[in-house]
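We did not get these values from a lab; they are worked out from the coordinates using the rules stated. Please read all numbers here as calculations on a predicted model, not as lab measurements. Reconstructed Cβ throughout: ideal geometry from the backbone, glycine too, with neighbour counts over all protein chains shown.
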Amino acid sequence: MIRRPLLLAIGASLPLLLGGCGSAPEKSPPTGVDGLRIPTPSADPDDFVEGIDNPYLPLTPGSRWVYESAGVDRERTTVTVTGDTREVQGVTTTVVHDVVRDSGGEVVEDTFDWFAQDTAGNVWYFGEDTTEYDDRGRPDHSGSWEAGVGGAQAGLVMPAQPRVGDGYPQESLAGVAEDRGEVLSVDEAVNVSFGSFTDVLQTEDTTPLEPGLVEHKYYAPGVGLVLEETVLGGAERVELVEFTEGGSAR
C-alpha cells in the first residue's frame with residue numbers, strides 16, 4: 001500500500017510552482033494547485049496557523065479513526081491526533097500517531113506524522129518518523145523523512161478548496177518519499193462499515209517508486225478519510241469502522 005499521508009488529500013500564501021504528476025494508467029497530467037509551490041523547499045512559518053480544521057482533513061487533538069482492511073493482509077489501523085506538536089523548518093506541526101496491527105494483533109508499523117495548515121486552509125505534510133517490523137519483529141526506519149533534512153521537502157496533502165484535476169506532490173525525498181495525489185471528484189457517495197457519506201472527495205494516489213500501483217481515497221467532510229481502495233496493482237480495501245471526534249464518539 002502506498003505510504004500515506006493517510007488522513008491520513010489534499011492557492012495560498014506560499015510561492016508557486018505548478019506541480020504536475022503522472023499516474024498509471026496513462027492520462028493527461030493534473031494541473032497543479034494554483035498559488036502554491038509544491039513541494040516547498042523552505043516553508044515560511046508566518047504562512048501557517050495553529051491547528052488544522054480543513055473539512056476534508058480535520059485534525060483535532062483527541063480525534064481517533066480506526067480502519068480495517070479486507071484484502072490479502074487483514075490489518076487494523078488506528079490513527080490518533082495527539083496533543084503534541086513538533087517544530088519542523090520553524091513551522092509548528094500537529095503530531096498524528098498511526099499504528100498498524102496484523103490479524104494477530106502484532107504491531108507491523110508505528111508512525112508519527114507531522115502536518116500543518118497554512119493561512120489559506122491547505123494542509124501540508126512535513127515528514128514522518130516511521131518504524132516497520134518484519135515477520136521476525138526486526139525494525140526498519142528507512143521510510144522516515146523530515147522536511148529540510150537531507151533534501152526532503154514538505155508536500156501538500158489536502159487543498160483548501162479541492163478541484164477536479166488538481167495534482168500535487170504529497171511528500172518529497174528522492175527514493176524514499178515520492179507520493180503524489182490528484183483530485184478525481186468532489187461529489188462521490190460512499191458506504192463503509194462506519195456509515196454512509198455524500199459530497200465525498202475522491203483522490204488518486206500514485207508513486208513513481210511503485211509505478212504499477214494506484215489507489216483511490218475518499219474523504220468525507222467533517223470526518224476525513226473513510227475509504228481507500230487499490231484499483232491497480234492489488235485489490236486491497238481499507239474502510240473506516242470507528243471514529244471519535246475530539247473525545248466524543250460518533
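Starting from the Cα gyration tensor of segment 60-129, multiply each eigenvalue by 5, take the square root, and state the resulting semi-axes largest first in whole Å.
On the way: eigenvalues 144, 28, 23 Å².
Working from the Cα gyration tensor, I get semi-axes of 27, 12, 11 Å.
Once you charge only the Cβ atoms, +1 for Lys and Arg and -1 for Asp and Glu, what is the size of the charge dipole of segment 146-238 about its Cα centre, to the nearest 20 debye? Before the final figure, lay out the partial values.
On the way: 4 positive and 16 negative charges, 25 e Å.
That gives a dipole near 120 debye.
Classification of segment 106-250 by its C-alpha gyration tensor yields a rounded form. The axis ratio a/c (a ≥ b ≥ c) stays under 1.5.
For a Förster distance of 22 Å, can you work out the FRET efficiency between the beta-carbons of Arg138 and Val241, rounded to the nearest 0.05? Spell out each step's value before the answer.
Numbers: r = 29 Å, r/R0 = 1.33.
Once rounded, the FRET efficiency stands at 0.15.
Our estimate of slack between Val231 and Arg163, defined as 0.36 nm per intervening residue step minus the Cα-Cα distance, is 22.3 nm.
From the square roots a ≥ b ≥ c of the eigenvalues of the alpha-carbon gyration tensor of segment 182-223, which class results: rounded (a/c under 1.5), prolate (a/b over b/c), or oblate?
Details: a/c = 3.14, a/b = 2.10, b/c = 1.50.
Because a/c hits 1.5 or more and a/b exceeds b/c, segment 182-223 counts as prolate.
Quick check: residue separation of Ser42 and Val66 times 0.36 nm, minus the Cα distance between them. What number comes out in nm? Display every interim value, and only then the final one.
On the way: separation 24, 0.36 × 24 = 8.64 nm, distance 3.35 nm.
Result for the pair: 5.3 nm of gain on full extension.
Shape class for the chain: rounded, because the ratio a/c of the largest to smallest gyration tensor axis (alpha-carbon atoms, square roots of eigenvalues) is under 1.5.
Quick check on packing: order 169-179, 227-237, 119-129, 41-51 by the mean number of other C-beta atoms within 10 Å, highest mean leading. Mind dumping the intermediate values first?
Numbers: 169-179: 21.0, 227-237: 17.2, 119-129: 22.8, 41-51: 15.1.
Top to bottom by mean Cβ count within 10 Å: 119-129, 169-179, 227-237, 41-51.
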